[in-house]
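The values are calculated or read from the model by the stated rules, or taken from the named source; none is laboratory data. Predicted model, so just to flag it, every value in this text is computed and none were measured. So basically every Cβ, Gly included, is an ideal-geometry build from the backbone, and we count neighbours across all protein chains shown.
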Amino acid sequence: MDETRAVTQPPQFDLDFRDQLEALFRWRRDVRRFRTDPLDPDLIDDLIALAALAPSVGNSQPWRFVKVEDTHRRQAVRANFEECNHSALAQYQGERAQLYARLKLSGFDRAPVQLGVFADTHTQAGNGLGVRTMPEMLCYSVVGAVNALWLAARAHGIGVGWVSILDPVRVKTALDVPDDWTLIAYLCLGYPEEEHLDPELERSGWQRRLDAQQFVLRR
């Protein structure tokens, strides 16, 4: 990323920008249906650099990104997903099971880029600030980086799919990463095959979006 583009004065975010930002949030989708067009490797590096601007506890920057390019490693992760997905299906009954079986829950078959995102839970960066009482903040920091990457990718017209139906231990083995790393996300990236404002799980009848006020308490 070109460091000369860094902002040296506080920007003024006007109404037009705020409207565009809201549109970005609304149009960010969990993509499972990708085109196979290749992505520019430099753009992927730029997206990771933007993700690394996310806040982190103690400025520990515990995120670790693994570009999964090897065919055999990709196949191992996909086999992991298929086994876990089969087990998940068995937990549902009746119409809900039939609906689950119809859902498309990953983009392994077409996404040109796959990233494993981990938290280095033993990082020395940050000198332990903020993690003695809440060590999970290291993982939460990486979640923030994933969200930043997701939004940045959407701004470039790239879709991201977060695959969570995985055995994280087996993913770590497949990707040959240190034992003390924690899997936070396995991401598929590519240009979306289709664009739609509503979440795919809402379109499929699995779960509608709830009103935000349902999540607000007052004390």
Being within 30 Å of E22 (Cβ to Cβ), of a type in the set (A, V, I, L, M, F, W, C) and part of a helix (DSSP H, G or I) is true for just one of A152, A79, A119. Which residue is that? A152
Residues that are surrounded by fewer than 17 Cβ atoms within 10 Å (Cβ to Cβ), at pLDDT below 95 and under 20 Å from G159 (Cα atoms), drawn from the stretch 65-115: L103, K104, D109, R110
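Let's see how each residue does on (1) within 17 Å of V77 (Cα to Cα); (2) small (G, A, S); (3) in contact (Cβ under 8 Å) with a residue 40 or more places away in the chain; (4) in contact with a Leu (Cβ under 8 Å, 6 or more places away or on another chain):
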{"position": "F118", "(1), (2), (3), (4)": "yes, no, yes, yes"}
{"position": "R132", "(1), (2), (3), (4)": "no, no, no, no"}
{"position": "S141", "(1), (2), (3), (4)": "no, yes, yes, no"}
{"position": "L151", "(1), (2), (3), (4)": "no, no, yes, yes"}
{"position": "L189", "(1), (2), (3), (4)": "yes, no, yes, yes"}
{"position": "E193", "(1), (2), (3), (4)": "no, no, yes, no"}
Give the residue that is nearest to I158 (Cα to Cα), with candidates limited to residues of the stretch 40-64 that are loosely packed, with under 14 Cβ neighbours inside 10 Å and out of contact with any helix residue (DSSP H, G or I) (no Cβ under 7 Å at 6 or more places or on another chain). D40
Cross-chain or 6+ apart pairs with Cβ under 8 Å, the stretch 165-180 first and part of a loop (DSSP other than H, G, I, E, B), then surrounded by fewer than 17 Cβ atoms within 10 Å (Cβ to Cβ) and small (G, A, S): I165/A88
Sort through D120, D176, D167 and tell me the only one that's in contact with a Cys (Cβ under 8 Å, 6 or more places away or on another chain), among the charged types (D, E, K, R) and at pLDDT 95 or above. D167
With the requirement that a residue be crowded, with 20+ Cβ neighbours inside 10 Å and either of a type in the set (G, A, S) or closer than 20 Å to L105 by Cα (or both), what does the stretch 122-145 give you? S141, A145
Kindly list, by first and then second residue, each pair from a residue in the stretch 75-89 that is touching a residue at least 60 places away in the same chain (Cβ under 8 Å) to a residue that is not aliphatic (A, V, I, L, M), limited to pairs with Cβ atoms under 7 Å and residues at least 6 apart or on different chains. V77/Y186; N80/D167; N80/R170; F81/S106; F81/F108; C84/D167
